[in-house]
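The values are calculated or read from the model by the stated rules, or taken from the named source; none is laboratory data. Not measured: the values here are computed from a predicted model. FYI the Cβ positions are ideal-geometry reconstructions off the backbone, even for glycines, and counts take in every protein chain you see.
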Amino acid sequence: MRRDECGAWRILGKRGHVYSRGASDGWLIHCAAGTPRKWSSLQTRLSFCELTQDGDDEGCFRLFELPTSEQAIVIRKALGLKRKRQVNPTLLLDRFQTPTGRPVPGSGMRADGRAGRGGSRRHDCAF
């Protein structure tokens, strides 16, 4: 969710976007289907929303309450949005609260516990 050039909150998708309409005024969903046939099909799938603007191949819907999980899936498909991956909060804490100056254990660790690749150094630079 980001702000647009006017400062309104917006979720941008490949085939449309969602605007918030204040604290309790719902959402405005703009869909650009591309063809009249796809637009007609999209109107049927989003029948749980109020149609506010009906163009030839695009239009706007208004949603007054939070969508159910089934409705959210339909909206994401209509707008071309990908669902964000759910991350365990404890995993984030473990990942981002490591002390500075210490390497994070992983595939870049050597057998002796130091970061970097193993092997000998052929060049000693004295700068």
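Quick look at the numbers
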{"quantity": "Residue match in segment 87-97 (condition: part of a loop (DSSP other than H, G, I, E, B), surrounded by fewer than 16 Cβ atoms within 10 Å (Cβ to Cβ) and either of a type in the set (D, E, K, R) or modelled with pLDDT of 90 or more (or both))", "calculated": "no"}
{"quantity": "Any hit, segment 6-20, residues being touching an Asp or Glu at 6+ places or on another chain (Cβ under 6 Å) and assigned to a helix (DSSP H, G or I)", "calculated": "no"}
{"quantity": "Of the criteria (1) over 18 Å from LEU81 (Cα atoms); (2) of a type outside the set (Phe, Trp, Tyr); (3) touching a residue at least 12 places away in the same chain (Cβ under 8 Å), which one GLY34 fails", "calculated": "(1)"}
{"quantity": "Count - residues of segment 21-62 that are over 23 Å from ASP4 (Cα atoms), among the charged types (D, E, K, R) and part of a loop (DSSP other than H, G, I, E, B)", "calculated": "2"}
{"quantity": "In segment 63-76, the residues that are in a strand (DSSP E or B) and either at pLDDT 95 or above or over 13 Å from TYR19 (Cβ atoms) (or both)", "calculated": "none"}
{"quantity": "Residues of segment 40-84 satisfying the condition of being within 15 Å of LEU12 (Cα to Cα), in contact (Cβ under 8 Å) with a residue 24 or more places away in the chain and loosely packed, with under 12 Cβ neighbours inside 10 Å", "calculated": "none"}
